[in-house]
Amino acid sequence: MTTPWQRPPAVIVLEDGTVFRGRVFTSAHQGRVLGEVVFNTAMTGYQEVLTDPSYKGQIVTMTYPLTGTYGINDEDMESARIQVEAFLVKEYQDFPSNWRSRRSLAQFLDSQGVLGVEGIDTRRLTRHIRLVGAMRGIIATDTDNVGELLDQVRAFPGLVGVDMVQKVTCSAPYRWENGPQPEAVWKEGHAGFRVAALDFGVKYNILRNLERCGCQVLVFPAHTSAETILAAQPDGIFLSNGPGDPAAVTYGIETVRKLLGQKPMFGICLGHQLMGLALGGRTFKLKFGHRGANQPVRDLRTGRVEVTSQNHGFCVDLESMKHVPVQPTHINLNDNTLEGMEHLAIPAYSVQYHPEAAPGPHDATHLFDRFVQLMGRNKGLSSSETPRHHDS
């Protein structure tokens, strides 16, 4: 271990010329990292944030000032690897204290060559992004030449119009059963509904929740055709979360358009956005996005307010959906953006937020049970005949 003042310096330059300085807390790293700089307001859950595929292409800063206190464990992975481009924190804690911890945060980042920087004024950075908006940024450990770095970051295309899904989707279909399994076939004798999940950057906890509800799940790469998915004869279709600009995922939009109405459909985050686009709506980029574990969402049908976990920078334009037979079901109470919708003619619904949490509250986990009930009704089953979820 090295003390903070012995660690290599790093400079962060945003596209508007704003400069932040810190020190590298991972192993000696010489080089540069480009990405969209965003913040997450969750007080815990940095391991889940690091491994969430929705963060591909982004440099993430945590607003909670002390990071690394409970280390890294083997159970809380949301994908097979770290997905963020780099990680910025106020103060790094090199001595984790938790019975589940297997290694430190720095060791985890080092194992995959991901840069971690501490000593950043994360309060100033967060306030700046809130005022100006999420923007492109660069981290450099090999130079202090701000002008050179500013030129480089301004030449970086960012995420708008870029398909990031192809960087995170699985390369081949697989079955989920307490983790990814090599077989890509349904399990014989399984009483649960068959769910075909399109992987646009799926979080493992979504698959865990579908399994908790008694479903068996086959995960398909994002570029899989609608014909191939329907040939597998699923009872329902799930559209996963994922990174980047949904409008750039043209193949996914076309696949969802062909699948709508064929089987009950449930979408989360990017899956929600792709459903909106497939139905003829539009999406737009939020100023600084919703990223954290305390976003208030109102259920318009019940009036109930759910505290939700969120991670997205794009949103479905509610006005663009007025000509479509859908109704909004959830609204964000901070900015009144669309957080959920359901189709009035076919069995399809979606939410912008993350009911699987990881990290975050569990207020919205009932949405997975709703998917099971929807598949049951589509098959003509009564509630007593619908397969029950497993105890968690």
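The values are calculated or read from the model by the stated rules, or taken from the named source; none is laboratory data. Model, not experiment: these values are computed from the prediction. Neighbour counts are summed over all protein chains in view; Cβ atoms, including those assigned to glycine, are modelled from backbone coordinates with ideal geometry. The area values use the complete protein model at the heavy-atom level, side chains included, leaving out ligands, DNA and RNA. Shrake-Rupley method; radii C 1.70, N 1.55, O 1.52, S 1.80 Å.
Which of the residues belonging to the stretch 141-175 are assigned to a loop (DSSP other than H, G, I, E, B) and over 19 Å from H223 (Cβ atoms)? Answer for the stretch 141-175, where residues must be assigned to a loop (DSSP other than H, G, I, E, B) and over 19 Å from H223 (Cβ atoms): T141, D142, T143, D144, N145, A155, F156, P157, G158, L159, V160. Of all residue pairs spaced 6 or more apart or on separate chains, those with beta-carbon atoms under 9 Å, a first member in the stretch 6-32 that is more than 25 Å from I129 (Cα to Cα) and a second member that is open to solvent by 50 Å² or more (accessible area, probe 1.4 Å) and part of a strand (DSSP E or B) are Q6/R23; R7/R23; P8/R23. Scanning the stretch 13-43 for residues that are assigned to a loop (DSSP other than H, G, I, E, B), open to solvent by 20 Å² or more (accessible area, probe 1.4 Å) and either at pLDDT 95 or above or of a type outside the set (S, T, Y) (or both) turns up E15, D16, G17, T18, A28, H29, Q30, T41, M43. Of everything in the stretch 316-374 that is open to solvent by 20 Å² or more (accessible area, probe 1.4 Å) and either among the basic types (K, R) or in a strand (DSSP E or B) (or both), the residue that is modelled with the lowest pLDDT is K322. Of the strands (runs of 3 or more DSSP E) entirely within the stretch 176-285, none holds at least 3 residues that are surrounded by fewer than 17 Cβ atoms within 10 Å (Cβ to Cβ) and at pLDDT below 95. The residues in the stretch 293-302 that are within 15 Å of M341 (Cα to Cα) and not hydroxyl-bearing (S, T, Y) can be counted, and the count is 5. Identify the residue in the stretch 109-137 that is under 19 Å from Y55 (Cβ atoms) and small (G, A, S) and, among all such residues, is surrounded by the most Cβ atoms within 10 Å (Cβ to Cβ). Looking at residues that are under 19 Å from Y55 (Cβ atoms) and small (G, A, S), I get G137. Taking into account only those residues within the stretch 292-308 that are closer than 20 Å to P246 by Cβ and open to solvent by less than 10 Å² (accessible area, probe 1.4 Å), which is farthest from the chain's Cα centre (by Cα)? The selected residue is V297.
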